[in-house]
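Asks: Below is one structure. I have some questions about it.
The values are calculated or read from the model by the stated rules, or taken from the named source; none is laboratory data. Being a predicted model, the structure only gives us computed values, none of them experimental. Ideal geometry is used to build each Cβ from the backbone, glycine not excepted, and the neighbour counts take in all protein chains shown.
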Amino acid sequence: MADWRASASKRLLAKLIPHVGYPLVGALASTYRWKAEGAEHYDAVIESGRQPIMAFWHGRILSATYFWRRRGIVVITSENFDGEWIAGIIERFGYGTARGSSSRGGVKALVRLRRDMAAGKPAAFTVDGPRGPARVAQPGAVWLAKATGNPVVPFHIEADRAWTLDSWDRTQIPKPFATVAIAVGAPFGVAADADADGVEAARVSLGDRLRALEARAAALLLRP
């Protein structure tokens, strides 16, 4: 497959989209009314001298980008055309990017994340990305926790009114003035000497925790 960078029009588009997308996302998300539960887990990890590895489903990327903005969190973005313009938007929200994906450059990106975490930066994973299957946790966040000694902090976001895209991850875009609930789970670690079975158990546990957080976020929306 030809590299998208060979096309002058795509290179230009990758530069232009963030200039439009960033203010649009910011304007939309600034209207949201947030309900948060467990957000103190993030601060507790930072105060302990470690860095959180944030983990969530790909379908909540827009609202998550806004909620966790301006914290220097480093995320993996793919090396394709979509990854380029997405990186351009999230960097404007104060994120760092490590380029790669599970299908291309994944090891390089994880090594970059390990280096960034050693330098004191948090990380984040859409754990079922970049292509799914949806709501099935991949091992990247667990591997990084094992390699760095930093804990995974899972979270889920739900909105009371939203558009749902017809995409593999059913991306949710909360509508203007929506109430948006975020449920953050307790941090959990992965032992440095965990074997393949231990890593797999942690991966399965992460998926279970995220599904439980979905229910917590939905319940949070029902509270007055």
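Asks: Here is a check on your reading of the model: is Asp169 more than 15 Å from the chain's Cα centre (by Cα), in contact (Cβ under 8 Å) with a residue 40 or more places away in the chain and within 28 Å of Leu220 (Cβ to Cβ)?
Replies: Numbers: more than 15 Å from the chain's Cα centre (by Cα): no; in contact (Cβ under 8 Å) with a residue 40 or more places away in the chain: yes; within 28 Å of Leu220 (Cβ to Cβ): yes.
No: the conditions fail for Asp169.
Asks: Any idea which of (1) aliphatic (A, V, I, L, M); (2) more than 27 Å from Arg11 (Cα to Cα); (3) surrounded by fewer than 17 Cβ atoms within 10 Å (Cβ to Cβ) is the one Val111 doesn't satisfy?
Replies: It is condition (2) that Val111 fails.
Asks: Report the residue count in the range 205-224 for those that are touching a residue at least 40 places away in the same chain (Cβ under 8 Å) and loosely packed, with under 13 Cβ neighbours inside 10 Å.
Replies: 1
Asks: I need every pair where a residue in the range 140-152 that is over 16 Å from Ala186 (Cα atoms) has its Cβ under 9 Å from the Cβ of a residue that is among the acidic types (Asp, Glu), sequence separation at least 6 or different chains.
Replies: Taking only residues 6 or more apart or on different chains, the pairs are Lys146/Asp193.
Asks: For the range 27-71, which residues satisfy the criterion of being of a type in the set (Gly, Ala, Ser) and within 15 Å of Pro154 (Cβ to Cβ)?
Replies: Ala36, Gly38, Ala39, Ala44, Ala55, Gly59, Ala64
Yes/no matrix, rows are residues, columns are (1) in contact with a Phe, Trp or Tyr (Cβ under 7 Å, 6 or more places away or on another chain); (2) not β-branched (Val, Ile, Thr):
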position	(1), (2)
Leu16	no, yes
Thr31	yes, no
Gly38	no, yes
Phe56	yes, yes
Gly59	no, yes
Thr77	no, no
Asp82	no, yes
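Asks: Among the listed residues Gly198, Gly185, which satisfies the condition of being closer than 27 Å to Ala109 by Cβ, more than 18 Å from the chain's Cα centre (by Cα), surrounded by 14 or more Cβ atoms within 10 Å (Cβ to Cβ) and at pLDDT 95 or above?
Replies: Gly198 is the lone residue from the list that is closer than 27 Å to Ala109 by Cβ, more than 18 Å from the chain's Cα centre (by Cα), surrounded by 14 or more Cβ atoms within 10 Å (Cβ to Cβ) and at pLDDT 95 or above.
Asks: Looking for whichever is free of Cβ contacts under 8 Å to residues at least 60 places away in the same chain and more than 25 Å from Glu84 (Cβ to Cβ) here; the options are Arg161, Arg112, Arg131. Which one fits?
Replies: Selected residue: Arg161, the only one of Arg161, Arg112, Arg131 that is free of Cβ contacts under 8 Å to residues at least 60 places away in the same chain and more than 25 Å from Glu84 (Cβ to Cβ).
Asks: Moving to a separate point now. Considering only the range 158-174, state which residues are of a type in the set (A, V, I, L, M, F, W, C), more than 18 Å from Tyr66 (Cα to Cα) and surrounded by fewer than 15 Cβ atoms within 10 Å (Cβ to Cβ).
Replies: Leu165
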